[in-house]
Each structure stands twice: as C-alpha cells, then as structure tokens.
Amino acid sequence: MTFAFHRLHPRFAAEASPLDLRCVHDDETLERIREGMDEHAVLVFRDQAFSSEEQLDFATRLDGDLHRKTGISVLQESRFGDEALTDVSNVDADGELLEADSRKRQYGLANRLWHTDASFQDPRGRYSMLAALALPPVAADTEFADMRAAYDTLEDETKAGLEGLRVHHSIAYSRVTLGFEFSEEESDRLKGAVQPLVLNNPRTGRRSLYLASHASRILDRPVPDGRLLLRDLMEHATRPELVYRHTWRSGDFVIWDNRATMHRARAFDDTRHRREMRRVTTLDTGDPARIAQPV
Ligand code: OGA
Ligand code: MN
C-alpha cells in the first residue's frame with residue numbers, strides 16, 4: 001500500500017494520506033508507519049472508525065505489548081472492560097458529563113500538564129494512539145513538543161552534564177502538584193519508576209530529552225538542584241517553536257512516540273461540553289521487530 005506523509009510543523013508531526021488502518025495488516029505498510037514515527041514522532045490519520053477491539057488489535061500489530069498498569073486503574077476500573085483502553089473523556093459510566101468535583105475529572109485534568117504517557121512504569125510507554133470519538137463545539141486541542149529538537153538545541157556542555165542522569169517519575173507526583181489527594185493504599189500502588197534523562201532511539205540513533213511533569217527528582221542530584229534543572233529543561237523543551245498544536249477533527253487518530261515527544265491537553269470548558277477520546281499505549285520493550293534490520 002502506498003501512502004505519504006505531509007509535514008504539519010517545520011520540525012516534526014505529519015499527516016498521513018488517506019488510509020483505513022483497520023485494513024493495514026501487511027508488514028510493509030506497518031513498517032512504513034514505524035519509519036514515519038521514527039522521522040516525524042507524531043502522525044495524524046484522518047477519518048478512522050475503530051471499534052475498541054480494532055484499536056487494540058491495530059496497536060498490537062504496529063508495536064507489540066500493551067500498557068495496562070495505568071494510573072487511573074488504581075482509582076477505578078476502566079468502563080471499557082480492558083485496562084489497555086484508557087478513557088480520556090469527561091463523562092461517567094452512563095455517559096453523563098462529570099461534575100466539577102468528580103475525582104475522575106480532577107485526576108484527568110492533570111493531562112493539561114506537559115507529560116509523556118507511562119513514564120512512571122517499567123517498561124515505559126512507547127507509542128500512544130488516541131482516537132477522537134466525540135468532540136466539543138469549542139477548541140479542545142492537544143499540544144506536542146519535539147523532545148529530539150529539545151535535546152539537539154542544548155549547548156554541548158549542557159548535553160555532557162546530562163549523561164547518565166536518572167530521574168524518578170511518579171504519576172502521583174504530577175497530580176499532587178495540582179492538589180490531588182491519594183489514599184495511603186493508592187500511593188503504595190503508585191510508586192513510580194526510574195528513567196534515564198536522555199533516551200536514544202535504537203532504530204535511528206537520535207537522542208531525546210525524556211521529561212514529564214511526573215518527573216519528581218533526579219536521583220544523582222540534591223533534590224532542589226535536580227528539580228531546578230528539570231524545570232529549566234522543561235522550559236527549554238516547550239518553547240513555542242518546538243510545539244505543534246493539534247486541532248482535532250472527528251475521526252482523527254493520532255499516534256505519538258512518548259520517547260520523542262511530550263504532550264498536554266489545552267483547557268476548555270469541560271463541565272459544559274463532552275469530549276470523548278480513547279487511548280491505547282504500547283510498552284517500550286525490546287521487541288526484535290522494532291529494531292532496524294541491517295540491509
Ligand atoms: C492522553 C492525553 C491529551 C488530550 O490521551 O494521553 O494526554 O488532549 N491526552 O486529551
Ligand atoms: Mn497523555
């Protein structure tokens with residue numbers, strides 16, 4: 001199957017020419033999509049019509065193991081009956097808009113902080129695939145930041161100083177910074193994970209800064225020094241020229257590489273308008289299919 005990618009931003013993010021991903025089963029096309037991910041880090045596919053099952057199957061075909069140890073599963077079960085399907089919506093199990101003081105809503109609001117998906121787990125998240133099912137009549141965009149460009153545009157001396165640094169990521173940490181409270185039992189189940197501050201994509205050899213609002217401290221630095229460095233890097237990585245803002249259309253299906261990008265939801269009046277999205281995230285496991293083969 002032949003198709004092309006059209007750039008949406010000078011540095012990264014591209015839109016694929018029309019293609020029904022439910023029908024993509026051949027290795028050649030799947031590999032073209034992986035190559036597109038290596039190059040653009042965010043891919044937009046229009047007019048997709050996945051059922052939940054089809055979205056799970058496609059994610060597995062493209063990238064292998066699925067992330068199921070989500071943060072929200074510690075608070076409540078997925079209304080879709082499979083923790084691999086993350087409900088990125090502002091409605092309850094009956095489809096009613098969440099009240100302002102709903103715990104699910106307040107937990108989800110932290111998606112408005114810059115983050116990567118599943119950096120607080122080991123193995124971490126690799127690709128996320130978000131399907132837009134119902135959109136509000138007002139803008140409710142998602143922004144992406146290119147973390148390869150963030151790394152590339154650091155001074156050489158700064159780059160050298162980041163080598164080997166290890167960062168603790170916790171989903172509870174990013175929520176607590178907004179005032180969200182966890183029970184002792186929930187906190188026990190959300191211990192987080194340690195990740196390198198700089199990642200290397202084994203397929204491309206490109207490096208990226210691996211940051212998120214879940215990043216609570218640098219293990220190899222005193223706490224305030226580490227937190228200040230993380231804040232400086234976050235500021236550097238989210239300069240407007242490194243950010244692509246996606247305005248959703250109904251049927252949009254967006255895949256992003258969590259190793260190469262951060263993202264955040266932009267604010268809208270979520271207690272008035274419904275917005276329903278469904279996400280599947282794969283795990284950054286060393287699946288041999290994912291390592292570039294010598295030619
Ligand atoms: C996500 C996410 C942002 C948004 O699905 O992981 O952060 O705009 N979504 O809903
Ligand atoms: Mn997210």
Residue check, Ser174 in a helix (DSSP H, G or I) and not acidic (Asp, Glu): yes
Residues satisfying the stated conditions in the stretch 85-121, i.e. within 13 Å of ligand 1 (Cβ to nearest atom) and over 16 Å from Thr271 (Cα atoms): Leu85, Thr86, Asp87, Leu113, Trp114, His115, Thr116, Asp117, Ala118, Ser119, Phe120
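Being within 16 Å of ligand 2 (Cβ to nearest atom), buried (at least 23 other Cβ atoms within 10 Å of the Cβ) and over 25 Å from Asp57 (Cβ atoms) is true for just one of Ala110, Ala145, Ala140, Ala118. Which residue is that? Steps first, please.
Working: Ala110 fails: buried (at least 23 other Cβ atoms within 10 Å of the Cβ); Ala140 fails: buried (at least 23 other Cβ atoms within 10 Å of the Cβ); Ala118 fails: over 25 Å from Asp57 (Cβ atoms).
Residue meeting the stated conditions: Ala145.
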Residues of the stretch 83-107 satisfying the condition of being outside any helix (DSSP H, G or I), closer than 15 Å to Met277 by Cα and either within 13 Å of ligand 2 (Cβ to nearest atom) or not aliphatic (A, V, I, L, M) (or both): Glu83, Thr86, Asp87, Val88, Ser89, Asn90, Asp92, Gly95, Glu96
Residues of the stretch 132-153 that turn out to be out of contact with any His (no Cβ under 7 Å at 6 or more places or on another chain) and more than 10 Å from ligand 1 (Cβ to nearest atom), as a count: 12
Top-ranked residue in the stretch 79-107 [being crowded, with 18+ Cβ neighbours inside 10 Å and among the basic types (Lys, Arg); ranked as modelled with the lowest pLDDT]: Lys104
Which numbered condition Glu181 fails, given (1) farther than 30 Å from Ile33 by Cβ; (2) within 11 Å of ligand 1 (Cβ to nearest atom): (2)
Residue tally, condition surrounded by 13 or more Cβ atoms within 10 Å (Cβ to Cβ) and assigned to a helix (DSSP H, G or I), over the stretch 186-202: 3
Counted residues, the stretch 25-63 - those being of a type in the set (Gly, Ala, Ser) and either without any contact (Cβ under 8 Å) to a residue 24 or more places away in the chain or in contact with a strand residue (DSSP E or B) (Cβ under 6 Å, 6 or more places away or on another chain) (or both): 4
Checking Gly205 against (1) without any contact (Cβ under 8 Å) to a residue 40 or more places away in the chain; (2) surrounded by fewer than 14 Cβ atoms within 10 Å (Cβ to Cβ); (3) under 30 Å from Ser187 (Cα atoms); (4) not charged (D, E, K, R), the condition it does not meet: (3)
Any hit, the stretch 260-268, residues being closer than 28 Å to Glu99 by Cβ, among the hydroxyl-bearing types (Ser, Thr, Tyr) and within 13 Å of ligand 1 (Cβ to nearest atom): no
The stretch 271-286 - residue that is in a loop (DSSP other than H, G, I, E, B) and more than 17 Å from Leu199 (Cα to Cα) and, of those, nearest to ligand 1 (Cβ to nearest atom): Arg275
Unique match (being in a loop (DSSP other than H, G, I, E, B) and either more than 29 Å from Glu235 (Cα to Cα) or within 15 Å of ligand 2 (Cβ to nearest atom) (or both)) among Glu54, Glu77: Glu77
Pick from the stretch 138-166, criterion among the charged types (D, E, K, R) and touching a helix residue (DSSP H, G or I) at 6+ places or on another chain (Cβ under 8 Å), ranking: nearest to Ile218 (Cα to Cα): Lys159
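Specify which of the listed residues (Ser174, Ser183, Ser170) is over 13 Å from Tyr210 (Cβ atoms), small (Gly, Ala, Ser) and surrounded by 22 or more Cβ atoms within 10 Å (Cβ to Cβ).
Ser174
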Meets criteria (away from ligand 1 (no atom under 13 Å from the Cβ), free of Cβ contacts under 8 Å to residues at least 40 places away in the same chain, under 23 Å from Asp122 (Cα atoms) and surrounded by fewer than 20 Cβ atoms within 10 Å (Cβ to Cβ)) for Glu235: no
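The values are calculated or read from the model by the stated rules, or taken from the named source; none is laboratory data. The structure displayed is predicted, hence computed values, not measured ones. Glycine also receives a Cβ, built like all others from the backbone with ideal geometry; neighbour counts cover every protein chain displayed.
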